[in-house]
Amino acid sequence: MRPRVVVLPCFLLLLAVTLSPIGPPVRAEAPDRVQAAAGFRVDVIASGLDHPWEVQQLPTGQLLVTQRTRRTLTVINPANGRKRNLQFPSASVWASGETGLLGLEIDPRFTDNRRIYTCSGWQKSDGSHDIRVIAWRLDTGLTRAVLDEVLVSGIPSVTGRHGGCRLLIAHSGALVIGTGDAAVGTNPQDLNSLGGKVLRVSRFTGRPVPGNHWYGSTGNRRSVLSYGHRNVQALAQRADGSLWAVEHGTDRDDEINVIGNGRNYGWNPVPGYNETRPMTDFSLPGAQVAARWRSGYPTIAPSGADFVAGAAWGSYRNALAVAVLKGQRLMFVKFDSDGRLVWTRSPTELRRYGRLRDVTATAAHSLLVTTDNGSGQDVVLRIRPPA
């Protein structure tokens, strides 16, 4: 479970998740230094998983993991690595390509309401499919998940390519959703499509949050916080309130962006689905937002991310820890208070586990990291700073 700020009920705080203004980037590319061993302590706390997409820690200390293609919600005891699957309607989860059981969040009031949230492909009764964000309630014995409410449906998916889908409960209590464009060229710039967007809704009802740029409009655009995205892989909120997203590029320019209300991040792969288009197309009408970090060529496929907390991390404190799939590393990216890139580092001891999918910072200031190597060989790692 990500460290939580107390959720205040004040209506005006729903307007504030957008996020503290920060200055323009000075540069967006920096060499990813292969750092000599930094002395991090790395433990394998669970094994035998298959494509675990997200890991969160429950208030009880147990871990909850989504497995993308197995379509299971798995509870793990971190003390001994024992795991078991919750009773969960896996047959209703549509898994194809990059889509399956994906994003996961734990309600900050879980002890009282037992609610969790998932984002997944969903098989509809007519044989078609979409991507949905669903609220579930877990029983007190952690044996089953009961569907509580479908919060958002109709997020597009065609073949399963570019399904997103990351969830984050912001400091305000709103639910933020990062989606993929479903490899449909018109989706990212179409405000009536939920694809290629960052959405912001109530975690209780799924309705648009007052303060969204198009809240006073009609249709899907009322839920849109930002648009022009290709495939959002991570959402993380810094202590200053700024919201950050990690996004997959084409053959170049994976991105880390600061998300602003009503802003356009410039992905517009038309006509057709033209992946030679730039990730941020500054020729579009209006103002597009430049990335705070980009990979250049080739891409490395960054995925889940979270901010590092705790004085024991030294110079890594407040850096964004990013799991990297194709580049097979854990990358730390440091930005200054104005959001300008300072450095990137990839310690050698965190480059030996293959493809990494997710990073979650715990209340105890450790990092939980999942691998994504498949064939039932995946693990959950716990990473701690030097003793």
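All of the numbers you see were taken from the coordinates with simple rules; none came from a lab. Quick caveat: nothing in here was measured; it's all calculated off a predicted structure. Virtual Cβ from ideal backbone geometry, glycine too; neighbours counted across all protein chains shown.
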Next on the checklist: Suppose we keep just the DSSP beta bridges with both residues in the chain; what percent of those would be antiparallel, to 5?
Outcome noted: 90 percent
Next on the checklist: Given a 10 angstrom Cα cut-off, can you work out which residue in Arg144, Arg114, Arg352 is the most mobile in a GNM of the chain?
Outcome noted: Arg352
Checklist outcome for this item: FRET efficiency for Arg84 and Ser125 from the Cβ-Cβ distance with R0 = 22 Å, rounded to 0.05, comes out at 0.15
Item to check | Rounded to whole Hz, the Karplus (6.51, -1.76, 1.60) HN-Hα couplings of region 140-156, x for glycine and proline | outcome: 5, x, 6, 10, 8, 10, 10, 4, 9, 6, 7, 7, 9, 10, x, 5, x
Checklist outcome for this item: Taking the dipole of the chain about the Cα centre (Lys, Arg +1; Asp, Glu -1; charges at Cβ), the one of His229, Ser193, Val342 that reaches farthest to the positive side is Val342
Checklist outcome for this item: The alpha-carbon center of region 256-333 and that of region 48-75 are separated, in whole Å, by 25 Å
Checklist entry - Between Ala363 and Val146, what is the spin-label point distance in nm, taking each point 7 Å from the Cα along the Cα→C-beta axis? => result 2.5 nm
Item to check | Relative packing of peptides 318-324, 307-313 - highest average C-beta neighbours within 10 Å first | outcome: 318-324, 307-313
Next on the checklist: What does the extension gain come out to for Val270 and Thr186, with contour length at 0.36 nm per residue minus their alpha carbon separation?
Outcome noted: 29.6 nm
Item to check | Hz values of 3J(HN,Hα) by residue in region 194-207 - Karplus curve (6.51, -1.76, 1.60), Gly and Pro given as x | outcome: 7, x, x, 9, 10, 9, 9, 9, 5, 6, 8, 10, x, 7
Checklist outcome for this item: In order over region 285-293: 3J(HN,Hα) from phi, Karplus 6.51/-1.76/1.60, θ = phi - 60°, whole Hz, x for each Gly or Pro, gives x, x, 9, 9, 9, 6, 5, 7, 9
Next on the checklist: Tell me the label only: which of (i) 1.13; (ii) 0.90; (iii) 1.03 is Cα Rg over 2.2 N^0.38 Å as calculated from this structure?
Outcome noted: (ii)
Checklist entry - Lysine pairs in the chain 8 or more apart or on different chains: how many have alpha carbons under 27 angstrom apart? => result 4
